């Protein structure tokens with residue numbers, strides 16, 4: 001296990017902080033300064049794992065420089081961009097803490113919230129502390145629209161209301177071990193933590209402006225994430241296809257009855273336009289259904305190949 005060499009021999013690590021980072025060269029140093037300032041005021045034994053998700057800028061260089069300043073700083077650098085889910089998984093595998101906090105490196109997850117998240121966990125009231133967004137005033141219109149699109153897709157297709165949810169959360173060691181025991185490679189962190197059913201408390205925070213740079217999430221990337229999350233979390237789209245098929249059968253029966261009535265009464269058959277629309281609609285629905293099945297098959301294909309979720313190019317110890 002990677003985390004064994006970092007657990008220490010004197011006292012166990014109370015808190016591990018996992019920070020996925022991608023192209024955060026300009027903001028990673030001030031973020032680490034804020035983070036370590038808070039951690040040193042509320043924890044005696046902690047570690048910070050920054051997972052460089054194949055950044056194409058100087059993020060890794062900044063981390064190697066920061067290592068001389070922060071003895072508790074650890075890091076992994078992926079060989080390429082494998083995605084945030086893979087970065088979070090790598091961090092959870094490395095973390096040695098009795099509790100693990102996952103947070104973003106752009107500063108929008110405020111480190112100042114950590115003492116408030118630690119309090120209910122230390123008191124034994126909950127094994128998961130989920131930070132929820134109170135406001136998104138710092139986001140531009142495009143970012144808010146992207147978030148609404150993503151949350152809407154998740155609410156309709158999975159039943160999960162992620163309107164205020166974030167990946168900023170504290171997990172007890174039991175929760176982390178449960179997540180690491182899941183065998184699937186296609187993962188959705190927020191959905192998986194909710195699925196575990198461990199006791200959870202919520203804290204609110206205002207989304208702060210990014211320390212530097214702009215968001216790397218585009219509408220296309222959020223749609224891709226939503227599609228991956230939906231099909232990794234639930235089989236509900238297959239049920240939707242079944243219901244669509246039942247609707248098609250009902251429409252077909254109605255049209256058959258209408259045709260029989262027209263034939264028996266000698267009324268000329270009309271309605272070719274409506275019939276064409278119905279044929280086009282259900283023809284398109286068939287293609288949509290094949291696409292849904294194709295996504296599930298693609299995920300099965302990824303699982304069967306059993307390739308690693310990521311490859312590590314460098315380590316920072």
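The values are calculated or read from the model by the stated rules, or taken from the named source; none is laboratory data. Since we're looking at a predicted model, the values are computed, not measured. Cβ placement follows ideal geometry from the backbone for every residue including glycine, while neighbour counts extend to all protein chains displayed.
Does region 295-311 contain at least one residue that is surrounded by 13 or more Cβ atoms within 10 Å (Cβ to Cβ), modelled with pLDDT of 75 or more, outside any helix (DSSP H, G or I) and in contact with a helix residue (DSSP H, G or I) (Cβ under 9 Å, 6 or more places away or on another chain)?
yes
Looking only at region 188-196, decide whether some residue is outside any loop (DSSP other than H, G, I, E, B), at pLDDT 95 or above and assigned by TED's automatic domain parsing to the domain that holds residue 110. Reasoning before the result, please.
Here is the first cut: in region 188-196, the residues outside any loop (DSSP other than H, G, I, E, B) are 189-196.
Okay, now just the ones that are also at pLDDT 95 or above, so none.
Checking region 188-196: not a single residue is outside any loop (DSSP other than H, G, I, E, B), at pLDDT 95 or above and assigned by TED's automatic domain parsing to the domain that holds residue 110.
Of everything in region 180-198, what is farther than 28 Å from residue 148 by Cβ and crowded, with 16+ Cβ neighbours inside 10 Å? Give them in sequence order.
185 - this is the single residue of region 180-198 that is farther than 28 Å from residue 148 by Cβ and crowded, with 16+ Cβ neighbours inside 10 Å.
Any idea which of (1) touching a residue at least 12 places away in the same chain (Cβ under 8 Å); (2) over 13 Å from residue 170 (Cα atoms); (3) not in a helix (DSSP H, G or I) is the one residue 71 doesn't satisfy?
Of everything listed in (1) touching a residue at least 12 places away in the same chain (Cβ under 8 Å); (2) over 13 Å from residue 170 (Cα atoms); (3) not in a helix (DSSP H, G or I), residue 71 misses just condition (1).
Go through 292, 223 for me and flag whichever is assigned to a helix (DSSP H, G or I) and either in the same structural domain as residue 194 (by TED's automatic domain parsing) or modelled with pLDDT under 75 (or both).
The match here is 223.
What residue, among those in region 229-239 that are in contact (Cβ under 8 Å) with a residue 40 or more places away in the chain and assigned to a helix (DSSP H, G or I), is surrounded by the most Cβ atoms within 10 Å (Cβ to Cβ)?
Step by step, filter region 229-239, then rank; the result is 229.
For region 85-99, indicate whether the set of residues that are assigned to a strand (DSSP E or B), buried (at least 22 other Cβ atoms within 10 Å of the Cβ) and in the same structural domain as residue 191 (by TED's automatic domain parsing) is non-empty.
Scanning region 85-99, I find at least one residue that is assigned to a strand (DSSP E or B), buried (at least 22 other Cβ atoms within 10 Å of the Cβ) and in the same structural domain as residue 191 (by TED's automatic domain parsing), so the answer is yes.
I'd like the full set of residues that are assigned to a helix (DSSP H, G or I), over 15 Å from residue 17 (Cβ atoms) and in contact with a strand residue (DSSP E or B) (Cβ under 6 Å, 6 or more places away or on another chain), limited to region 51-66.
Answer for region 51-66, where residues must be assigned to a helix (DSSP H, G or I), over 15 Å from residue 17 (Cβ atoms) and in contact with a strand residue (DSSP E or B) (Cβ under 6 Å, 6 or more places away or on another chain): 59, 60.
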